[in-house]
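Here's the structure we're looking at; comments come further down.
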Amino acid sequence: CGFPPNVLAAVAMFLITALYLTFWQVTDLDLPHVMRRVSFSKDTDAYTIVIATFRRDSCLKLSILHYLTCNPQELRVKWQDFKRPLPRWLRQVQGKYSERLVIDVADGDYLSSRFKLSDLKTSAIFPVDDDVRHSCAYMREAFRMWQRRPRKVFGFAPRHVQKGGCYRYWGSYAHLYYPFSNTVWVTKGAFLHRDYLKEYFSQKYDSLRKLVDGNTTGEDMLMTFVVALSNPPGERWPVVLYSRSWPGDKTCSNRALSKTPVHTMRCPMLRHFQEVLGFPLELSPWSEFYLFEDDVETFVPFSQSGSGHWAMPWYPLRMYW
């Protein structure tokens, strides 16, 4: 006869706990001496949207027209196809909205240029790919939350990066009820302070930026480490924002700049980042998961939303995952 289900569950939990304590426990001893707390500038009354684009003009046009309606102080387009002249339609739109629309032409063929911006007028930056269009209501409420804690990153594309390994899709927008996130990909839409962009180009990340630019992928992963290492232990987790549907344009996404499979290039890069920088990422507390509720047009803590009741049973198991 077989073992009772409760016994099997107890044995499984014991084994998972043992594995966690052996391989996954994170301490400050894992970190090399690279952490430097960033001194933040103060202007937090408005925000700048930065759209990175490369040869997806139809997607870019839709994103520009959408994000202009969200009334940012500035909408910056990072034109990374620097050898190609700006198309006529883009010059026309820029002329019409010259007070708010700025075109930044990349100064070379390297992916990290999406974070290389000068003369930013606001401290709050919202980088986003040209195939993702978040609603203005999401933007308004997320920015309002960020204003209260400008050191934090408030993002819409959470991931769970494994110590010594890659990242899991669990905890992302496709799996609403599994709150296991310890980072957000800022390139999919996130509010962060402009000083993190400056820190990204500091000398200690030179070799890792070269790896990103050489493989044309991974700038989102490197920014994750930049943000974490700019903050002291215990304050490195992101604030996770969910909507009930992902605002990505699949037509545009199918024409992405890099079609490198995750486990072919990005996972080895992520492991290398950890070898060089350690593992500074921290799981977001349960109180830092929010869901946008359309009926009240604001982000509500998971614990106060109907969806949170589904996610709560999973939360205590995060340490074993």
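Out of V128, V184, I need the residue that is touching a strand residue (DSSP E or B) at 6+ places or on another chain (Cβ under 7 Å), at pLDDT 95 or above and crowded, with 22+ Cβ neighbours inside 10 Å. Which one?
On the way: V184 fails: at pLDDT 95 or above.
Unique residue meeting the criteria: V128.
I'm trying to understand the selection: among the residues of the stretch 188-208, which are over 18 Å from V50 (Cβ atoms) and charged (D, E, K, R)? I'd like the intermediate steps shown before the answer.
Of the stretch 188-208, the ones over 18 Å from V50 (Cβ atoms) are 202-208.
If the condition is that a residue be over 18 Å from V50 (Cβ atoms) and charged (D, E, K, R), then K204, D206 are the ones that fit.
Quick check on the stretch 198-224: of everything there that is hydrophobic (A, V, I, L, M, F, W, C) and part of a helix (DSSP H, G or I), which residue is surrounded by the fewest Cβ atoms within 10 Å (Cβ to Cβ)?
Residues of the stretch 198-224 that are hydrophobic (A, V, I, L, M, F, W, C), as a first pass: 201, 208, 211-212, 221-223.
Right, trim to part of a helix (DSSP H, G or I) and you get 208, 211-212, 221-223.
Details: L208: 22, L211: 19, V212: 22, M221: 23, L222: 22, M223: 28.
Within the stretch 198-224, the match that is surrounded by the fewest Cβ atoms within 10 Å (Cβ to Cβ) is L211.
Taking the options D119, D107, name whichever one is part of a loop (DSSP other than H, G, I, E, B) and in contact with a Ser or Thr (Cβ under 7 Å, 6 or more places away or on another chain). Walk me through how you get there before you give the answer.
Working: D119 fails: in contact with a Ser or Thr (Cβ under 7 Å, 6 or more places away or on another chain).
The unique qualifying residue is D107.
Mind checking which residues of the stretch 47-76 are surrounded by fewer than 19 Cβ atoms within 10 Å (Cβ to Cβ), in contact (Cβ under 8 Å) with a residue 60 or more places away in the chain and among the basic types (K, R)?
R55
Just one of (1) at pLDDT below 75; (2) among the acidic types (D, E); (3) open to solvent by 70 Å² or more (accessible area, probe 1.4 Å) trips up D249, so point out which.
So the condition that D249 fails would be (3).
Quick check: is even one residue across the stretch 236-246 touching a strand residue (DSSP E or B) at 6+ places or on another chain (Cβ under 8 Å), crowded, with 22+ Cβ neighbours inside 10 Å and at pLDDT 95 or above?
Yes, because at least one residue in the stretch 236-246 is touching a strand residue (DSSP E or B) at 6+ places or on another chain (Cβ under 8 Å), crowded, with 22+ Cβ neighbours inside 10 Å and at pLDDT 95 or above.
Out of all the residues in the stretch 122-145, which are assigned to a helix (DSSP H, G or I) and aromatic (F, W, Y)? Steps first, please.
Of the residues in the stretch 122-145, the ones assigned to a helix (DSSP H, G or I) are 136-145.
Within the stretch 122-145, Y138, F143 qualify.
Can you pull out the residues in the stretch 65-78 that are within 22 Å of W185 (Cα to Cα) and either assigned to a loop (DSSP other than H, G, I, E, B) or within 20 Å of the chain's Cα centre (by Cα) (or both)?
Once the filter is applied, which keeps residues that are within 22 Å of W185 (Cα to Cα) and either assigned to a loop (DSSP other than H, G, I, E, B) or within 20 Å of the chain's Cα centre (by Cα) (or both), the stretch 65-78 yields Y67, C70, P72, L75, R76, V77, K78.
For the stretch 79-104, which positions are out of contact with any strand residue (DSSP E or B) (no Cβ under 6 Å at 6 or more places or on another chain) and not in a helix (DSSP H, G or I)? Before the answer, list the steps.
Taking the stretch 79-104 as the starting set, the residues that turn out to be out of contact with any strand residue (DSSP E or B) (no Cβ under 6 Å at 6 or more places or on another chain) are 80-81, 83-93, 95-99.
Across the stretch 79-104, the qualifying residues are Q80, D81, K83, R84, P85, L86, P87, Y97, S98, E99.
Looking only at the stretch 135-161, count how many residues are open to solvent by less than 10 Å² (accessible area, probe 1.4 Å) and closer than 14 Å to T48 by Cα.
Looking only at that region, the number is 3.
Would you mention how many residues in the stretch 187-197 are at pLDDT 95 or above and open to solvent by 20 Å² or more (accessible area, probe 1.4 Å)?
The number of residues fulfilling the criteria is 2.
Given the options G214, G155, G218, G165, name the one that is of a type outside the set (V, I, T) and at positive phi. Please lay out each step first, then the result.
On the way: G214 fails: at positive phi; G155 fails: at positive phi; G165 fails: at positive phi.
None of the other options fit; the residue is G218.
The values are calculated or read from the model by the stated rules, or taken from the named source; none is laboratory data. Worth saying up front: this structure is predicted, and the values here are computed from it rather than measured. Quick reminder, even Gly has a Cβ in these numbers, built from the backbone with ideal geometry, and neighbours come from all protein chains shown. Heavy atoms of the whole protein, side chains included, go into the accessibility calculation; ligands, DNA and RNA do not. Shrake-Rupley method; radii C 1.70, N 1.55, O 1.52, S 1.80 Å.
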